[in-house]
Amino acid sequence: MEGVGDPPKLVFLPLWAHRDAKSEEGARSFLQAGTTQFQYTVGAKNPDAISPDNWTHDQALLDRPGTDAYQLNLLENYKTNVALYDSWHAAFRQHSPKTLILWGKHDPFFIEAGATAFLRDLPKANLVWLDAGHFVLDENAATVAAEITAAFAPR
């Protein structure tokens, strides 16, 4: 959890500890239009250049009848993902796969400590900090493509 920022911790930890109407309130905030837009724009170099189509389309899907029920189930179930983090890191130490880490240094959800945590178990990994928030591709697609090509394309 060291790489998870405070906003998701405040929402998910109560939901994971005990799911009820009160703990679902916080999770429901992740399904609201303001939060959806925030995910795309926070930490962006130029938030005004991010297409509103991104969050408008996402929100239209989130607002469909019944979607909140399965989204809440998904958000609650994410604790099973987090529970596997230690085993993933053990596998990283055991197998040392070639790894490229591209990370938005202004991401409030998955903070810098999450990126550097990978380096403890994958010391040869290439960590590239991007001047970005949560969705790095919106402003860094060319950089991401170049880094992937440089790291993994046959030479």
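Structural remarks
- A simple spin-label model places the labels of I148 and S51 1.7 nm from each other, with each point 7 Å out along Cα-to-Cβ.
- Using alpha carbons only, the radius of gyration of the chain set against its Kirkwood radius gives Rg/Rh = 1.00.
- Phi to ³J(HN,Hα) by Karplus 6.51 cos²θ - 1.76 cosθ + 1.60 over segment 109-122, Hz, x for Gly, Pro: 8, 10, 7, 4, 4, x, 5, 5, 4, 4, 5, 5, 9, 10
- Distance between the C-alpha centres of segment 69-110 and segment 138-155: 21 Å, rounded to the whole angstrom.
- Area of V128 that stays accessible when all protein chains are in place (1.4 Å probe, Å², to 10): 20 Å²
- For D86, solvent-accessible area (1.4 Å; no DNA, RNA or ligand), Å²: 120 Å²
- Global geometry of segment 45-128, whether rounded, prolate or oblate, following the gyration tensor of its Cα atoms and the 1.5 cut on a/c: oblate
- A 1.4 Å probe, protein heavy atoms only, puts the accessible area of H95 near 120 Å².
- One decimal place: the segment K98-D86 gains 2.4 nm when fully extended, by the rule 0.36 nm per residue minus the C-alpha distance.
- Nearest-0.05 FRET efficiency for A69 and A117, computed from C-beta distance (R0 30 Å): 0.35
- For segment 90-106, 3J(HN,Hα) computed residue by residue from phi via the Karplus equation (6.51, -1.76, 1.60; θ = phi - 60°) reads 4, 5, 4, 5, 6, 9, 6, x, 4, 9, 10, 10, 10, 9, x, 6, 10 Hz, glycine and proline entered as x.
- Among Q32, Q59, Q94, the largest mean-square fluctuation in a Gaussian network model of the chain (Cα springs under 10 Å) belongs to Q94.
- Cα-based convex hull volume of segment 93-155 per residue, rounded to whole Å³: 78 Å³
- Relative contact order (%) - criterion: Cα under 8 Å, at least six apart; region: segment 40-140: 38 percent
- Under 5 Å between amide hydrogens, built in the peptide plane, is the criterion, and for L127 it picks out I101 among residues at least 5 positions away or on other chains.
- Amide H contacts for V4 (H built 1.01 Å from N in the peptide plane; partners 5 or more residues away or on another chain; cut-off under 5 Å): I111.
- Long-range HN-HN contacts of G104 with modeled amide H, under 5 Å: L130
- Within segment 1-98, GluC sites (Glu not before Pro) in DSSP loop having at most 12 other beta-carbon neighbours inside 10 Å: E2
- With a threshold of 21 Å on the Cα-Cα distance, the over-threshold entries among K22/K79; K9/K45; K79/K105; K45/K105 are K9/K45; K79/K105.
- In the chain, the calculated helix contribution to ellipticity at 222 nm averages -18500 deg cm²/dmol per residue, counting -39,500 (n - 2.57) for every DSSP H run with n ≥ 4.
The values are calculated or read from the model by the stated rules, or taken from the named source; none is laboratory data. Just so you know, these numbers come straight off a predicted model, no measurement behind them. Heads up, the Cβs are rebuilt from the backbone with ideal geometry, glycines too, and the neighbour counts pull from every protein chain shown. SASA here: full protein model, heavy atoms, side chains in, ligands and nucleic acids out. Shrake-Rupley method; radii C 1.70, N 1.55, O 1.52, S 1.80 Å.
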